[in-house]
Amino acid sequence: MKCLYYLTSTLDSTRKITGDLHEAGINDWFIHVLSKDVAGLKKYKIHSSNYLETLDILRYGILGGILGLFIGFIAVLLFSATKPFGSDMPEIAYFLLLGFLTLFGTWEGGLAGIAAENKKTALFHEDLLAGNYLILIYARKEAEGKVREVMRSKHPEANLAAVDPSFYNPLTKLERI
């Protein structure tokens, strides 16, 4: 599933875009709007963005889990070599230590991600501060042409700002068009 990023400057344009996409058969779950005008989005019942799109919880959580796994491997190697708790320590304890440190790293990474702006939508930070609306349209391969046609024919005021071949992979890089 691709994510198409469109920028528009007015709430009225955003409202018309979401209406036309609904008429084209695109469900509300596949259209999310980022804006500092949350009240305007609520007024017109426009589906606003969620925490995964605005915060970097997933990316930091994955990186924290990888770091926790790495530290867990080092700790298991050290404990198995030095045997600080005696030689009769069951092997399951090493697996539990590895699992605990991996989960702890994931948890800590997620907490750090709550404090960070999503790396992909951060590219549009200045646009959002200027009052623009960022429309994220998730399109399956068969619906992408329909979305692009609706946007090209009915909404030339909206600029295609980026295309993400995999929005839900938080480790990929997004570049503006």
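Values quoted throughout were computed directly from the atomic coordinates according to the rules given, and no laboratory measurement underlies them. Bear in mind that the values here come from a model prediction, so they are computed numbers and not experimental data. When we count neighbours, we look across all protein chains shown, and the Cβ atoms used for this are built from the backbone with ideal geometry, even at glycine.
For the reader, a short list of remarks on this structure follows.
- Distance between the stretch 32-69 and the stretch 138-164 - C-alpha centres, whole angstrom: 21 Å
- Label sites at Leu77 and Ile177, each approximated as a point 7 angstrom past Cα along Cα to Cβ, lie 4.7 nm apart.
- Residues whose amide H lies under 5 Å from that of Ala161, counting only those 5 or more places away or on a different chain, are Tyr5, Tyr6, Leu7; hydrogens are built 1.01 Å from N in the peptide plane.
- Computed 3J(HN,Hα) for the stretch 144-149, one whole-Hz value per residue from the Karplus formula 6.51 cos²θ - 1.76 cosθ + 1.60 where θ = phi - 60°, is 4, x, 5, 5, 4, 5, glycine and proline marked x.
- Helix-only mean residue ellipticity at 222 nm for the chain, each DSSP H run of n ≥ 4 adding -39500 (n - 2.57), per residue, nearest 500: -16500 deg cm²/dmol
- Arg148-Tyr44 FRET efficiency (beta carbon distance; Förster radius 25 Å; 0.05 resolution): 0.60
- Net +/- balance of residues flanking Gly40 in space, Cβ distance below 13 Å, scoring K and R +1, D and E -1: +3
- Net charge dipole size for the chain [Lys, Arg +1 and Asp, Glu -1 on Cβ; Debye, nearest 20]: 360 debye
- Packing here is the average count of other Cβ atoms within 10 Å per residue, and on that basis the peptides 49-55, 15-21, highest first, run 15-21, 49-55.
- Between the amide H of Asn118 and those of Leu55, Asp56, distances stay under 5 Å, these residues lying 5 or more places away or on another chain, with hydrogens modeled in the peptide plane.
- For the chain, the convex hull drawn through the C-alpha positions has a volume of 136 cubic angstrom per residue.
- Per-residue ³J(HN,Hα) for the stretch 32-38, Karplus 6.51 cos²θ - 1.76 cosθ + 1.60, θ = phi - 60°, Hz, x for Gly and Pro: 10, 10, 9, 6, 7, 8, 5
- Cross-link partners of Lys120 among aspartates and glutamates (Cα-Cα below 18 Å; sequence separation of 8 or more within a chain): Glu53, Asp56, Asp164, Glu175
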